[in-house]
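Read the structure below first, then the notes.
The values are calculated or read from the model by the stated rules, or taken from the named source; none is laboratory data. In this text the structure is predicted, and so the values were computed from the model without any measurement. Virtual Cβ from ideal backbone geometry, glycine too; neighbours counted across all protein chains shown.
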Amino acid sequence: MIRAGIIGATGYTGAELVRILYGHPRVEIGFLSSRSFVGEDISSVYPNLKGCVEKICEEQDIDRAVEQCDVIFVALPHGHSVPIVKRALEAGVKVIDLGADFRLKNPSVYEHWYGLEHGAPELLHRAVYGLPEIYGKDISEASVVANPGCYPTSIILGLAPLLKYGVIKTEGIVADSKSGVSGAGRTPSEKTHFVECNESVSAYGVSGHRHRPEIEQELGNLGKTPVRITFTPHLVPITRGILSTIYAELAIDMAEDEIRKLYENFYYQKPFVRILPEGVFPRTRWVYGSNFCDINFYADREAKRITVVSAIDNLVKGASGQAVQNMNLMFGLPEEEGLMVPGLCP
């Protein structure tokens, strides 16, 4: 059995990790920490776990965590992961960071977008970007994985085959993404207050969102050239889900069936990416509670443009489910172990 620990177990992503790992046949949850609920049972914080996971949340004791665990999931805000990652690596414990501290390879870019000097730039080269559909082999050999952001996951998976094979131009890409309120985290704020977000859709981060450099970094790696993207996130009054609608200009003339074959080949034997049938476009409802990413597209040959639509559950494929998928690869397990469940519908 793999002994897993979660630092930050009582946020939404931490609690989702607890829920998913409970159902994993090869995992034992060995350590849970929380800053706000020390001494409380996780099932009293999240009553949906009662009768399944009843474990006390402890202080954030890194030494105790590495002694008890084979892998540590860090579900903390940016700026808090570095000392945990350092200690885990010293102890030979694998670590998956669900925050932003190891996603960006350029520490000056991190400092610009997150307003913090990186605490361990020398470790950035050791962190593998945790998108299994693209970096699966590297993840399987990694000691530290930087779990991708939710918006980047939906956009990168939607565009990856097109950029990899030069089907679209690398300039003029536009991504319009809409997320459920859980993406803002468990700590309440004015914008996530029911009265403020119910029956309303709002754009935010219009002048620049922190996920943009992450998206551009990975799209640039795929296209082998710098990519600049116009990315605008929106808050919509649903609990879970991200729907990204992405627009790009075709660089070569390809029929729609040829592009579909390209997607199907690229994601062949990638169990969590589903290319939907022609004319059937993704809905967040179909991936709710699952680790799937649904994708479809429309290619307008006359206008030389393509529209790609992708949908994920922001807490599962966009965070905790993807982290468990990465853990599976790191420990030599089938990547779908403990994750192959359909979405909740209706």
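Details
- Residue count, segment 224-275 (criterion: within 24 Å of the chain's Cα centre (by Cα) and assigned to a loop (DSSP other than H, G, I, E, B)): 17
- Looking across segment 193-207 at every residue that is outside any strand (DSSP E or B) and touching a residue at least 12 places away in the same chain (Cβ under 8 Å), the one that is surrounded by the fewest Cβ atoms within 10 Å (Cβ to Cβ) is identified as Glu199.
This table checks each residue for (1) at pLDDT below 95; (2) in contact with a strand residue (DSSP E or B) (Cβ under 6 Å, 6 or more places away or on another chain); (3) within 20 Å of Gly130 (Cα to Cα).
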{"residue": "Ile7", "(1), (2), (3)": "no, yes, yes"}
{"residue": "Gly11", "(1), (2), (3)": "no, no, no"}
{"residue": "Phe31", "(1), (2), (3)": "no, yes, no"}
{"residue": "Ser36", "(1), (2), (3)": "yes, no, no"}
{"residue": "Ser43", "(1), (2), (3)": "no, no, no"}
{"residue": "Cys52", "(1), (2), (3)": "no, no, no"}
{"residue": "Asp70", "(1), (2), (3)": "no, yes, yes"}
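- Residues located in segment 289-329, provided they are of a type in the set (Gly, Ala, Ser), closer than 12 Å to Gly241 by Cβ and outside any loop (DSSP other than H, G, I, E, B): Ser310, Ala311, Gly318
- Selection status of Pro132, modelled with pLDDT of 95 or more and either touching a Pro at 6+ places or on another chain (Cβ under 6 Å) or among the charged types (D, E, K, R) (or both): no
- Residue in segment 225-234 that is in contact with a Ser or Thr (Cβ under 7 Å, 6 or more places away or on another chain), touching a residue at least 60 places away in the same chain (Cβ under 8 Å) and surrounded by fewer than 19 Cβ atoms within 10 Å (Cβ to Cβ) present: no
- Within segment 242-259, restricting attention to residues that are in contact (Cβ under 8 Å) with a residue 24 or more places away in the chain and more than 16 Å from Ala175 (Cβ to Cβ), the residue that is surrounded by the most Cβ atoms within 10 Å (Cβ to Cβ) is Ile259.
- Among the residues of segment 178-202, just one is of a type in the set (A, V, I, L, M, F, W, C) and under 21 Å from Tyr114 (Cβ atoms), namely Ala184.
- Screening segment 1-80 for helices (runs of 4 or more DSSP H) wholly inside it with 2 or more residues that are under 22 Å from Asp101 (Cβ atoms) and within 18 Å of the chain's Cα centre (by Cα) returns the ranges 12-22.
- Checking each residue in segment 179-233 for being of a type in the set (D, E, K, R) and either under 24 Å from Gly14 (Cβ atoms) or in the same structural domain as Gly115 (by TED's automatic domain parsing) (or both) picks out Arg186, Glu190, Lys191, Arg210, Glu214.
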